[in-house]
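Read the structure below first, then the notes.
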Amino acid sequence: MTQRVPSAKPEASPIDPPLVDLPINTHDSGFYDGFSRSVTIPAKIIVSLIIMWAIFFPVSANETLAAANNTIISTFAGWYVYLVAIVMLIALALAIIPQSGSLRIGNPGEEPEFGRFSWFAMLFGAGIGIGMLTYSTGEPLAHFQNNPDIIRGVVEPASQEAIRPAYIYTFLHWGLAAWGTYGLVGLAIGYVSYRRNLPLTIRSALAPLFGRLMSGPFGHVVDVVAVVATILGVAVTMGLGVEQFVAGLYRLGFGDWLVDAEGSSTPAAIIISLVVLVGASTLSALSGVGKGIKWLSNLNLGLSLILLALFVVMGAGLFGLELLGVALYDYLRTLPQTAFSLFSSDGSPMQEALVRWQLDWSVFYWAWWIAFAPFVGMFIARISRGRTVREYVLGVLLGPSLMCFVWMTLVGGTAIDLELSGAANGSILSADISDQLYATLAVLLDSGWAWVFSGLVVLLLMTYLITSADSAILIVNTINGAGDTDGQRRRHIVFWGAALAFVVGSMLIIGGIDAIRITMIIGALPFSVVVALMAASIVKAIVFDIIRKHHGVPTTAQACEEWEDSQ
């Protein structure tokens, strides 16, 4: 393949047309037919080494992960905090500015592939659905007992006054920062892929900065980093989901073999759950985005609305809605401060506690969202062709953020109300985070209905797990296939499904969810550099396209071809 460069621009034009061809060498026969071996093989080797390390050297793995966690998370805390805040601001600015917001992710006049309902359902289901089921109660309850205001002594733990600061930080972690990171990565990929006909892969997002350099080894490294980050980021979500899935099965009476004496999932329960869930997700991935994933995403959203309706009718619905309004006001009012706040230690116990809180919560989340961004960003780009930049950014940032806020206030607010009223008598607060949603249902409903709705949560978890895993498998194969979204090779889908199951299973068994979290934070660090470059790249791409439009220079691959013909 050779670089196709439009012919000479008009003499008066001060700017060249964009790069509209980025060749990536792929193998044309054999097992890796249609795949870039320079990306696929190194990514498989790295992931396989992580799996073997966890399985064959579990003690060493745990000790190394703990040491790496203490070093990396403290050293790079500021980098994560400021990067996520700046990325969020850039995404919002691109939507608000009229010239950039009106540009289309595709050719002028192109219609979106998916309707708004299916688009939103896929955004929410693949992006954050599993985490919502775990943290809709877990996060507000955690901050209800400990948050920076409580650490400073401003409010008492588990008191009425602790609710508002608890939700400031809950919304901080699950709102615009998360979806701004996903949205910007997806925009950087989709914009150049659909306007400039570049491959739908991570490296293409950096082409406005580095041009044809992204065709070679530098581009291969970027895609390998993205594949590894994707597997590790999805592994955290899968790990949370599997633990809550097992806790639900135990609540439903499937046997004491599911949990050990400490209430943790047993190795047998983890392995059987992963075989069932990842097996189903692999079958779904084989059917593609337009079939299995779309159908499951719509089912996820429907089941989620049924569960939310329960909390509106039977839970503290009025309290939750009032809390939603107050928490939104508090969140937006404090966002400039909280988004850029970085706690530092002066040796005092209070400052040490603040630093530890931020490392355990905010920095962990920012690393999680960054590690999750190549998967969610690629997936969002895949389903968002034809939308304007403004519609895309506002849809990706505001819609799912608001849905998260509704979940947190209606479900989490009900749990807090049950504890404050004395009805729960500490049973929800004392439950493990994977069991708190079930514990809330047990207090809220009689035993029969609690069993029914716990079953609904288990079903919802299963569909969310399948959706996230099969989406991730397809995205990894798209990156490995140099952006090819049509010819997904079955053997590679099976490999990545098995790899995901082994990463989750091995880490859960050697050290629980903490082992996966630490591994993910390490994996997120190199991709955070890619995210920073993506932010600069999409700004350059859009600014230059605005200049091109002003001077009558083409900005899309289609227009470049027509422009060449007219020269």
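Compute the FRET efficiency between residue 268 and residue 337 as 1/(1 + (r/R0)^6), taking r as their Cβ-Cβ distance and R0 = 51 Å, and round to the nearest 0.05. FRET efficiency, residue 268 to residue 337: 0.60. Atom-type composition of the exposed protein surface of the chain places 63 percent of the accessible area on carbon and sulfur (1.4 angstrom probe). Solvent-accessible surface of protein heavy atoms, probed at 1.4 angstrom with all chains present, puts 484, 28 in the order 28, 484, largest first. Toward the positive end of the charge dipole of the chain, with +1 on the Cβ of Lys and Arg and -1 on the Cβ of Asp and Glu, the farthest Cα among 388, 357, 269 is that of 388.
Based on the Cα coordinates of segment 47-141, what is the per residue volume of their convex hull in Å³? Could you put the intermediate results ahead of the total?
Numbers: hull volume 20.9 nm³, N = 95.
Each residue corresponds to 220 Å³ of Cα convex hull volume.
Think of each Lys and Arg Cβ as +1 and each Asp and Glu Cβ as -1; about the Cα centre, that makes the dipole of the chain roughly 1300 debye. Distance between the 7 Å Cα→Cβ label points at residue 498 and residue 82: 4.5 nm. Helical content of the chain, expressed as a calculated mean residue ellipticity at 222 nm, amounts to -24500 deg cm²/dmol (DSSP H runs of 4 or more residues, -39,500 (n - 2.57) each, divided by residue number, nearest 500). Between the entries (1) 25.9; (2) 41.3; (3) 27.8, the label attached to mean projected area of the Cα convex hull in nm² calculated for this structure is (1).
Where Lys and Arg each count +1 and Asp and Glu each count -1, what net charge lies around residue 215 among other residues with Cβ under 12 Å from its Cβ? Around residue 215, the surrounding residues sum to 0.
Using a 10 Å Cβ count of at most 15 others and DSSP loop calls, identify the longest part of the chain lacking such GluC sites (Glu not before Pro).
Numbers: sites that count: 11, 262.
Within the chain, the longest run free of exposed GluC sites (Glu not before Pro) spans 263-567.
So between residue 536 and residue 64, what do we pick up on full extension, going 0.36 nm a residue minus the alpha carbon distance?
166.5 nm
Here the dipole of segment 350-443 is about 680 debye; that uses its Cα centre as origin and unit charges on the Cβ of Lys and Arg (positive) and Asp and Glu (negative).
Ligands, DNA and RNA are left out, and with a 1.4 angstrom probe the accessible area of the chain is 37 Å² per residue. Hey, with R₀ at 35 Å, roughly what FRET efficiency would residue 156 and residue 45 work out to, going by the Cβ-Cβ distance, to 0.05? So, using R0 = 35 Å, E works out to roughly 0.10. Extent along the principal axes, Cα only, for segment 29-94: 46, 39, 13 Å, with the longest axis given first. Could you tell me whether segment 413-516 comes out rounded, prolate or oblate from its Cα gyration tensor? Rule is a ≥ b ≥ c as square roots of the eigenvalues, rounded for a/c under 1.5, then prolate if a/b exceeds b/c, otherwise oblate. Prolate shape, in that a/c is at least 1.5 and a/b is the bigger ratio. Measuring nothing but how far apart in sequence close Cα pairs (under 8 Å, 6+ apart) lie, relative to its length, the chain scores a relative contact order of 34 percent. I want to make sure I understand the PRE zone here: with the label point 7 angstrom from the Cα of residue 351 toward its beta carbon, which residues in segment 143-168 have backbone N atoms less than 11 Å away? Under cut-off, by backbone N: nothing. What separates the Cα centres of segment 63-85 and segment 505-567 is a distance of 23 Å. Taking the square roots of five times each eigenvalue of the Cα gyration tensor of segment 132-198, the equivalent ellipsoid has semi-axes of 38, 11, 7 Å, listed largest first.
The values are calculated or read from the model by the stated rules, or taken from the named source; none is laboratory data. Since the model is a prediction, treat every value here as computed from it, not as a measurement. Note: ideal-geometry Cβ built from the backbone for every residue, glycine included; neighbour counts use all protein chains shown. Heavy atoms of the whole protein, side chains included, go into the accessibility calculation; ligands, DNA and RNA do not. Shrake-Rupley method; radii C 1.70, N 1.55, O 1.52, S 1.80 Å.
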